[in-house]
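We did not get these values from a lab; they are worked out from the coordinates using the rules stated. These numbers come from a predicted model, not from an experiment. Positions of Cβ are generated from backbone atoms using ideal geometry, with glycine treated the same way; all protein chains shown enter the neighbour counts.
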Amino acid sequence: MLSTELSCEKLDLTLDEVMARLPTLAAPIDDTALNDYLDQLYALGRLRHIPNISPQNVTYLHSLLHQRQPKNILEIGCANGYSTLRLWQVARAWGARITTMDISRPSYLEAQHHFKHCQAHIKLHFGNALQILPTLTGDFDFILIDAQKVHTLDFFIRARKLASPDALIVIDDVIKFRDKMTNFYDHLHTHAIAYEILALPDDQDGVMLID
Ligand SMILES: C[S@@+](CC[C@H](N)C(=O)[O-])C[C@H]1O[C@@H](n2cnc3c(N)ncnc32)[C@H](O)[C@@H]1O
């Protein structure tokens, strides 16, 4: 039985200790095995206080991916790679390319490890998205922004330059951290950029969609 309860104490684990608590994946990796691995990575992430997207958010993102079938996905802020692998879990069916990044060295190294273990071909960058994004070339047709909330506007402006005309941009945590994103909301209103917010009660937050 998986525990998704947040413990009071943060569980500190080395990467070897993390891997020892996860199921071993053997090729070929089927959907059931991958799902089990990711469920357990999420449960462990809760104990380690990693702010991974919630199961309800995963379900929602999966439905968006099925609807839109994006070919070139960009994520800003992958942490241990959990959300990236959740995107890949669905988008691999149509061979989508996925690019992600994180500024934290331990997160980058852990994400790299999980991607390799899951045999997921994901382009992973280490460093500050504010510097990485201007070095990328578009056209990304699905963009998930989930990094430092005070820089949401900076990520958005840079990401938008890389977006295809039909891109969907999804921004996570836009309700709970609204006070950290006031310049972002101001920008949307000033530039008459339409957005929709979907509340995710399990997450006690919500995502913003900009189409
Ligand atoms: C909310 S967590 C991401 C969770 C991840 N999307 C998931 O659901 O599994 C935010 C991540 O953004 C990273 N981050 C914060 N500022 C960043 C920046 N300027 N450039 C790249 N990554 C950044 C943090 O290191 C952290 O791992």
Residue order, fewest to most surrounding Cβ atoms within 10 angstrom, among Phe115, Phe184, Phe177: Phe177, Phe115, Phe184
Linear extension gain, His187 paired with Ser164, 0.36 nm per residue minus alpha-carbon span: 6.3 nm
Simple Cβ-charge dipole of the chain, Lys/Arg +1 and Asp/Glu -1, about Cα centre, in debye nearest 20: 540
Length gained when the stretch Ser63-Lys180 is fully extended (0.36 nm per residue, less Cα-Cα span): 39.3 nm
Lys/Arg +1, Asp/Glu -1 at C-beta; the chain dipole; positive extreme among Ser164, His189, Ser54: Ser164
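Taking the square root of 5 times each eigenvalue of the Cα gyration tensor, what semi-axes in Å does the equivalent ellipsoid of segment 53-210 have, largest first?
Square roots of five times the eigenvalues give 22, 17, 16 Å.
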Sequence of Leu153, Leu64 once ranked by neighbouring C-beta atoms within 10 Å, starting from the fewest: Leu153, Leu64
Kyte-Doolittle mean at least -0.5, axial Cα span of 15 Å or more - DSSP H helices of the chain: 31-47
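If I stretch the segment between Leu153 and Gln131 completely, what's the gain in nm (0.36 nm per residue apart, minus their alpha carbon distance), one decimal?
Between Leu153 and Gln131, full extension yields 6.5 nm more.
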Compactness of segment 1-105, expressed as Rg and Dmax over alpha-carbon positions, Å: 14.2, 41
Sites Ala26 and Gln204, calculated FRET efficiency, Cβ-Cβ separation with R0 45 Å, nearest 0.05: 0.75
Neighbour-count order for His125, His66, His191, fewest beta carbons within 10 angstrom listed first: His191, His66, His125
Student exercise, segment 145-211 dipole from Lys, Arg, Asp, Glu Cβ charges, in Debye to nearest 20: 340
Semi-axes of the equivalent ellipsoid for segment 135-211, Cα gyration tensor, largest first, Å: 20, 14, 12
The chain, helix-only ellipticity at 222 nm - DSSP H runs n ≥ 4, -39,500 (n - 2.57), divided by all residues, nearest 500: -11500 deg cm²/dmol
